[in-house]
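Engineer: Take a look at this one; I'll ask things after.
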Amino acid sequence: MKNKKIVFSGIQPTSTPHLGNYLGALKNWVAMQDDYDCVYCVADLHAITVRQDPAKLRKQTAETYALLMAMGIDTEKSVLFTQGHNPRHAELAWVLSCYTPFGELSRMTQFKDKSEKHSENINAGLFTYPVLQAADILLYQADLVPVGADQKQHLELSRDAAARFNNAYGETFTLPEPYIPKTSAKIMSLSEPSKKMSKSDGNPNACIGVLDDRDAVIRKFRRAVTDSGAEVVYRENDADKAGINNLILIYSAVTGKTAAETEKEFAGGGYGEFKSATGEVVADMFKPVREEYARITADDAFLVSRMRDGAEKAVRVSEKTLKKVYKKVGFLGL
Ligand code: TRP
């Protein structure tokens with residue numbers, strides 16, 4: 001059997017994924033299952049670096065897991081698990097934190113951003129968060145980590161931690177590399193197309209949730225902000241055209257067409273028709289996800305059995321790595 005490369009990625013269960021998360025990352029997680037051995041994690045440990053309501057966190061963790069399954073993460077083929085179900089993440093994070101210079105963590109831009117945003121709660125976990133992320137990745141000996149631009153610095157830190165440890169103790173960890181998908185669309189807000197699509201946007205029309213019903217999806221696209229023009233034409237880097245550019249990117253990403261093909265299809269059609277068409281294709285794309293999600297969440301026992309199975313697989317793989325590490329740093333075995 002051919003040895004496939006190992007892919008690891010994680011998602012925080014802090015909100016329902018939206019169209020931007022889907023086209024930018026999650027769709028790719030699904031596709032990568034064909035070519036790689038994939039390990040995907042619902043990162044509940046990461047989520048508590050900012051205050052969470054415990055009942056809500058539990059609910060969202062289960063929902064995120066179910067949603068990943070609904071999108072097409074196959075729990076037979078890949079390892080899909082919840083971070084809190086595998087204590088080895090916290091254990092390796094402790095060891096790695098003792099091998100990560102304070103100065104290196106101080107340079108993390110996300111820490112600086114988040115400590116400004118949550119100035120009332122700048123906790124040590126927020127600071128050591130990248131070490132936990134390194135532990136996630138290194139436990140599974142991942143070769144590739146699909147991440148967005150905001151996580152690249154954290155991935156660098158993981159690589160450095162792995163290299164430093166390997167230097168001190170001999171080959172222990174695979175050095176992970178970032179995986180930037182060939183086609184990863186950066187999706188902007190539908191109401192303020194200069195900003196990234198985000199769930200926390202005040203305007204509910206800005207963001208398409210993966211579980212939004214058909215009418216909501218189409219309504220939001222009809223209301224999408226564009227400009228006073230009428231031609232469906234993609235003009236790269238033209239700020240005035242950010243709205244229509246975004247819609248063209250979405251339509252093209254969903255249908256697998258190039259921007260030029262999309263332009264051709266709607267030549268002479270006007271914005272109104274194009275907005276409706278984009279709403280339709282997005283609603284069609286999410287229809288099976290919504291249906292599958294309803295089916296999975298209707299059966300609690302099924303979901304729990306998938307999670308338990310995922311946790312067992314995750315433990316089995318990561319246990320080997322942690323044992324090696326404990327031995328190398330000098331912990332006494334029993
Ligand atoms: N920190 C990532 C985020 O907020 C989620 C995450 C946790 C992750 N562990 C990871 C991503 C390991 C890649 C690899 O988006």
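Engineer: If you check Val282, Val289, which single one turns out to be closer than 19 Å to Val225 by Cα and β-branched (Val, Ile, Thr)?
Structural biologist: From the options Val282, Val289, the qualifying one is Val282.
Engineer: So, of the residues in the stretch 96-129 that are closer than 21 Å to Val329 by Cα and of a type outside the set (Phe, Trp, Tyr), which turns out to be surrounded by the most Cβ atoms within 10 Å (Cβ to Cβ)?
Structural biologist: Only one residue fits best here, namely Leu96.
Engineer: Specify the residue that is nearest to Ile6 (Cα to Cα); the eligible residues are those in the stretch 46-101 that are of a type in the set (Phe, Trp, Tyr) and modelled with pLDDT of 95 or more.
Structural biologist: So the residue we want is Phe81.
Engineer: Of the residues in the stretch 198-231, how many are outside any loop (DSSP other than H, G, I, E, B), of a type outside the set (A, V, I, L, M, F, W, C) and under 18 Å from Ala70 (Cβ atoms)?
Structural biologist: Total meeting the criteria: 2.
Engineer: Does the stretch 161-170 contain any residue that is outside any helix (DSSP H, G or I) and surrounded by 16 or more Cβ atoms within 10 Å (Cβ to Cβ)?
Structural biologist: no
Engineer: Would the stretch 185-206 turn up any residue that is within 12 Å of the ligand (Cβ to nearest atom) and touching a helix residue (DSSP H, G or I) at 6+ places or on another chain (Cβ under 9 Å)?
Structural biologist: Within the stretch 185-206, not a single residue is within 12 Å of the ligand (Cβ to nearest atom) and touching a helix residue (DSSP H, G or I) at 6+ places or on another chain (Cβ under 9 Å).
So that you can scan it fast, the table gives a plain yes or no per residue for (1) in contact with a Phe, Trp or Tyr (Cβ under 8 Å, 6 or more places away or on another chain); (2) among the acidic types (Asp, Glu); (3) within 12 Å of the ligand (Cβ to nearest atom); (4) under 17 Å from Asp160 (Cα atoms):
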position	(1), (2), (3), (4)
Glu76	no, yes, no, no
Tyr99	yes, no, no, yes
Glu104	no, yes, no, yes
Tyr129	yes, no, yes, yes
Val145	yes, no, yes, yes
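Engineer: Continuing with the same structure: Any residue in the stretch 39-55 that is closer than 19 Å to Asp143 by Cα sitting within a Cβ distance under 9 Å of a residue that is modelled with pLDDT under 95 and part of a helix (DSSP H, G or I)? List the pairs, counting only those 6 or more apart or interchain.
Structural biologist: none
Engineer: Quick one: is Ser78 hydroxyl-bearing (Ser, Thr, Tyr) and surrounded by fewer than 15 Cβ atoms within 10 Å (Cβ to Cβ)?
Structural biologist: When the stated conditions are applied, Ser78 does not pass them.
Engineer: Right, something else. In the stretch 153-169, how many are more than 10 Å from the ligand (Cβ to nearest atom) and either under 16 Å from the mean Cα position of the chain (by Cα) or among the hydrophobic types (A, V, I, L, M, F, W, C) (or both)?
Structural biologist: Counting residues in the stretch 153-169 that are more than 10 Å from the ligand (Cβ to nearest atom) and either under 16 Å from the mean Cα position of the chain (by Cα) or among the hydrophobic types (A, V, I, L, M, F, W, C) (or both) gives 7.
Engineer: Related question: Pull out all pairs, ordered by first then second residue, where Cβ-Cβ is under 9 Å, the residues are six or more apart or on different chains, the first lies in the stretch 105-120 and is within 18 Å of Ala93 (Cα to Cα), and the second is part of a loop (DSSP other than H, G, I, E, B) and at pLDDT 90 or above.
Structural biologist: Between residues of the stretch 105-120 that are within 18 Å of Ala93 (Cα to Cα) and residues that are part of a loop (DSSP other than H, G, I, E, B) and at pLDDT 90 or above, the close pairs are Phe111/Ile122.
Engineer: So which residues in the stretch 38-66 are assigned to a helix (DSSP H, G or I) and within 15 Å of the ligand (Cβ to nearest atom)?
Structural biologist: Matches in the stretch 38-66: Asp44, Leu45, His46, Ala47, Leu57, Gln60, Thr61, Thr64, Tyr65.
Engineer: In the stretch 253-265, is there at least one residue being farther than 15 Å from Leu23 by Cβ, of a type outside the set (A, V, I, L, M), touching a Phe, Trp or Tyr at 6+ places or on another chain (Cβ under 8 Å) and surrounded by 14 or more Cβ atoms within 10 Å (Cβ to Cβ)?
Structural biologist: Among the residues of the stretch 253-265, at least one is farther than 15 Å from Leu23 by Cβ, of a type outside the set (A, V, I, L, M), touching a Phe, Trp or Tyr at 6+ places or on another chain (Cβ under 8 Å) and surrounded by 14 or more Cβ atoms within 10 Å (Cβ to Cβ), which makes the answer yes.
The values are calculated or read from the model by the stated rules, or taken from the named source; none is laboratory data. What you see is a predicted model; the values in this text were computed from it and never measured. When we count neighbours, we look across all protein chains shown, and the Cβ atoms used for this are built from the backbone with ideal geometry, even at glycine.
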